[in-house]
Amino acid sequence: MRRSEWVIAVYFTYVTVLCWFLPVRASLAALVSVLNLTILAGLALLVYADSLRRREFLSIVRDWYPTPLVLMAYREMGWFAQPHRDFRLEQIWVQWDRVLLRDWGVHAALEALGSVVPSLLEIAYTLVYTLGPLALAMLYVYRRRERVDRFLLVYLVGTLLCYAQFPFWPSEPPRTVFPGEDFPSFDTVFRQFNWWMLGGYGIHTSVFPSAHVASAFAAAFGMKRVLPEHSWVSRFLLVMAVLIATATVYGRYHYAADAVAGFGMSLIALGLTGWLERAANGSARPSRLPRPSV
């Protein structure tokens with residue numbers, strides 16, 4: 001198995017075990033268990049078939065198999081949401097936001113050019129889950145498919161590390177806990193679209209750490225590592241990550257604490273996967289034989 005596939009296997013195994021310890025219905029825990037075991041069985045079958053056939057098609061499917069599972073992992077965490085009426089964390093986090101947006105003038109600065117910057121931020125926020133597939137596509141464009149696993153390792157660890165914590169930090173976004181407070185002055189069509197998406201497909205388990213921020217920066221850091229000869233790709237993704245992080249706080253989708261924690265998760269993913277690569281390369285390096293004595 002590829003290293004990125006081990007990340008998928010470990011994560012969905014973790015969720016399968018975790019759901020039986022969370023205060024959820026037994027029927028829901030059973031559903032999650034069956035679904036996750038099906039995902040793991042599909043992965044095992046794909047790996048086994050590729051080892052037998054060695055067809056390029058199967059290898060390509062393995063490249064892309066993790067991308068829809070990221071969305072599946074996100075949706076599953078939403079199923080674990082519990083009634084949340086204690087907003088102690090949110091009351092602390094919003095105080096920091098008020099300093100950032102009001103006292104430091106960030107809110108006014110972002111709206112200095114009218115709706116231009118707010119529109120760009122909302123567009124970036126909409127595109128957050130396209131960054132991973134875009135990065136994969138660029139590896140194909142530049143004929144660097146052999147580096148897909150290295151990229152996915154960083155991207156998946158950064159994203160799934162956030163999802164894994166959601167049940168332990170129950171929280172609601174500022175747009176629902178503090179409606180109307182510090183909202184953007186411009187209700188653009190892009191913002192309306194994001195609200196519609198969140199209303200139909202958002203989850204209410206937790207907003208900490210921000211997986212939007214973590215996945216965006218993990219995509220940028222991953223591409224910087226695996227495609228340094230075409231640095232414009234990682235730079236573009238880094239710009240997108242900064243816009244997304246700003247949008248999460250300005251648009252009141254997340255607190256600044258969530259965004260900072262999400263960025264921290266991407267740094268942890270970068271450092272951890274780098275250590276794993278160095279360890280793997282060290283173990284694969286042949287040991288030196290002693291010189292024969294004369």
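Of all the numbered requirements in (1) hydrophobic (A, V, I, L, M, F, W, C); (2) closer than 21 Å to Tyr255 by Cα; (3) in contact with a helix residue (DSSP H, G or I) (Cβ under 6 Å, 6 or more places away or on another chain), Leu120 misses one, and that requirement is (3). Candidates in segment 70-86 are the residues that are in contact with a helix residue (DSSP H, G or I) (Cβ under 9 Å, 6 or more places away or on another chain) and surrounded by fewer than 16 Cβ atoms within 10 Å (Cβ to Cβ); of these, the one that is farthest from Leu156 (Cα to Cα) is Gln82.
Would you mention how many residues in segment 273-294 are at pLDDT 90 or above and either over 26 Å from Leu243 (Cα atoms) or in contact with a helix residue (DSSP H, G or I) (Cβ under 6 Å, 6 or more places away or on another chain) (or both)? Write out each step before concluding.
Taking segment 273-294 first, the residues at pLDDT 90 or above are 273-275.
Next, from what is left, pick out any that are either over 26 Å from Leu243 (Cα atoms) or in contact with a helix residue (DSSP H, G or I) (Cβ under 6 Å, 6 or more places away or on another chain) (or both): 273, 275.
Adding up the residues that qualify gives 2.
Regarding Ser171, is this residue touching a helix residue (DSSP H, G or I) at 6+ places or on another chain (Cβ under 8 Å), buried (at least 23 other Cβ atoms within 10 Å of the Cβ), polar (S, T, N, Q) and closer than 15 Å to Ala73 by Cβ? Considered against the rule, which asks whether it is touching a helix residue (DSSP H, G or I) at 6+ places or on another chain (Cβ under 8 Å), buried (at least 23 other Cβ atoms within 10 Å of the Cβ), polar (S, T, N, Q) and closer than 15 Å to Ala73 by Cβ, Ser171 comes out as no.
Considering segment 1-34 alone, what residues qualify as being closer than 27 Å to Val61 by Cβ and either charged (D, E, K, R) or buried (at least 18 other Cβ atoms within 10 Å of the Cβ) (or both)? Before you say what the answer is, go through the steps one by one.
Step one: list which residues in segment 1-34 are closer than 27 Å to Val61 by Cβ, which gives 1-16, 31-34.
Correct list: Arg2, Arg3, Ser4, Glu5, Val7, Ile8, Tyr11, Phe12, Val15, Thr16, Val32.
The values are calculated or read from the model by the stated rules, or taken from the named source; none is laboratory data. As the structure is a prediction and not an experimental result, all values here were calculated from the model. No Cβ is skipped: glycine too gets one built from the backbone with ideal geometry, and neighbour counts run over all protein chains shown.
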